[in-house]
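These notes are about the structure you will find just below.
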Amino acid sequence: MSAPSRATIGDVARLAGVSKGTVSLAYSGKRPVSEGTRQRIFAAAAALDWTASHRARALATSRTGAIGLVIARDPEVLATDAFFSKFLSGCERVLAEHEMGLMLHAVTTPEAEHQVYERLAAGRADGVILLDVKIDDPRFALVQRLGLPAVVLSAHEPTRGETAGLPTVFSDDSPAVTELVALMAEAGHTRIAHVAGPAHYIHGRIRQEAFRAAVRERGLDDSLVIEGDFTAASGRDATARLLDLPEPPTAILFANDMMAIAGLSLARSRGVRVPEDLSLSGYDDSELSAHLSPALTTVSTGAVRRGELAVATLLAALAGEAPGAVLADHTTVLPRGSIAPPPRP
């Protein structure tokens, strides 16, 4: 004798006299359902011994229950950059509350990136988060052409039309960079350098522009800028180039902690003392930065909170709201032991 077939969301809908979508809404609470209809649905579910499941809700609403995140970065950066792990943790916190998942894709070519977005739009994800936003980013037009809901993570408040009308979670990186320059200048440094991130990224450009403006405001030379790529190797190489100058800087502001840590190691290998001979600062507050000797002055970006806000903003957009631009105001300078007065002549 075969076991009786299990009731489905369609069975509940027929018994209650409503659509499958209304059954799903009654359980998800995403949109209002009248109390009478809700009670009728619950009674039908009880009579059929049916329990709402994530899969049933997804089928009823044509949703996958997943959001996509495509990262086009050097694998070394993904493995070592503190921001990504913290950001993903924040995303997962909110997704877990909604019984949803994250589809993470790492790609190395523009062609592969384009193909992933097409697959996600074809029904593999309900929406996407756009990280590492570039100047005139082509992904804005791409996701709109594909009809793929998206939220943008940016390093400054977008100007009108900058993110093509897509909802944006933004921070303001400029004040933190200005404060780091102030810490170095007030300690007595007059030759301050910057190992920047790639200028085609908005956050790389914003931090570099903030650095140049801050040193110019103090009447200092703003030309000591070398562009890195956020990897340890680029931080090491840039530090070597700066220390090889006829007049090397006495302070270096790095665009992330990984480059700063590599720079500190390179300096020490040459017998340069930190901070007695060379002051350093990083950005992103990696787990290791507080445990170095000396501990690295850096910037906490509130990456976990940014992940939470990014997912919450995307879910709001999926629910038919218009979130606009949302400020993630958690960027904080953490002064530690890696900045001191420069050596006396």
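HN-Hα J couplings of segment 179-184 from phi, Karplus 6.51/-1.76/1.60, θ = phi - 60°, integer Hz, Gly and Pro as x?
Couplings: 5, 5, 4, 4, 4, 6 Hz.
Would you mind checking the tilt of helix 202-217 against the longest principal axis of the Cα atoms of the chain, expressed as 0 to 90 degrees and rounded to 10?
30 degrees
Check Leu130: other-chain or 5+ apart residues with amide H under 5 Å from its amide H, H built from backbone geometry?
So Leu130 has HN proximity to Val151, Val152, Leu153.
Given the -39500 (n - 2.57) contribution per DSSP H run of 4+ residues, what per-residue ellipticity at 222 nm results for the chain, rounded to the nearest 500 deg cm²/dmol?
The per-residue figure over the chain is -13000 deg cm²/dmol.
Under a 10 Å cutoff between Cα atoms, tell me which one of Glu99, Glu247, Glu113 has the largest fluctuation in the Gaussian network model of the chain.
Highest fluctuation of the listed residues: Glu247.
Compute the signed sum of charges (Lys and Arg +1, Asp and Glu -1) over the other residues within less than 13 Å, Cβ to Cβ, of Ala72.
-3
Ordered by packing density, taken as the mean number of other Cβ atoms within 10 Å over each peptide's residues, highest first, how do 181-187, 302-308 rank?
In decreasing order of mean packing, 181-187, 302-308 become 302-308, 181-187.
Tally the DSSP beta bridges in the chain and give the antiparallel ones as a percent, rounded to 5.
Within the chain, antiparallel bridges account for around 10 percent of the total.
Taking a temperature of 20 °C and a viscosity of 1.002 mPa s, what whole-number D in µm²/s does Stokes-Einstein yield for segment 239-345 with Rh from Kirkwood over alpha carbon pairs?
Rounded, D is 137 µm²/s.
Obtain the radius of gyration and the Kirkwood radius of the chain from its C-alpha atoms and give Rg over Rh.
1.12
Using amide H atoms built in the peptide plane, which far-off residues or other-chain residues are under 5 Å from Thr64 H to H?
Asp126
I need the phi-derived Karplus couplings for segment 276-283: 6.51 cos²θ - 1.76 cosθ + 1.60, θ = phi - 60°, integer Hz, Gly and Pro marked x.
3J(HN,Hα) across segment 276-283, in whole Hz: 4, 9, 8, 9, 9, 9, x, 7.
What ranking do 280-292, 130-142 get when scored by the average of other Cβ atoms within 10 Å per residue, highest first?
280-292, 130-142
Anyone know which of Arg14, Arg119, Arg205 comes out most mobile in the 10 Å Cα GNM of the chain?
It is Arg14.
What order, most packed first, do the peptides 196-204, 40-48 have when packing is the mean number of other Cβ atoms within 10 Å of each residue?
196-204, 40-48
May I ask you to evaluate 6.51 cos²θ - 1.76 cosθ + 1.60, the Karplus curve with θ = phi - 60°, for each residue of segment 237-253 and list the ³J(HN,Hα) values in order in whole Hz, giving x for glycine and proline?
With coefficients 6.51, -1.76 and 1.60, one gets 5, 5, 4, 4, 4, 5, 6, 7, 5, x, 10, x, x, 9, 8, 9, 9 Hz.
Note the angle between two axes, namely the Cα long axis of helix 35-48 and the longest principal axis of the Cα atoms of the chain, as a number of degrees from 0 to 90, rounded to the nearest 10.
The answer is roughly 70 degrees.
Could you please put Thr37, Thr159, Thr108, Thr80 in sequence from largest to smallest accessible area, using a 1.4 Å probe?
Ranked list, largest accessible area first: Thr108, Thr159, Thr80, Thr37.
The values are calculated or read from the model by the stated rules, or taken from the named source; none is laboratory data. All values derive from a computational prediction rather than experimental measurement. Glycine gets a Cβ as well: all are built from the backbone with ideal geometry, and neighbour counts include every protein chain shown. Surface areas here come from the heavy atoms of the whole protein model, side chains and all, with no ligands, DNA or RNA. Shrake-Rupley method; radii C 1.70, N 1.55, O 1.52, S 1.80 Å.
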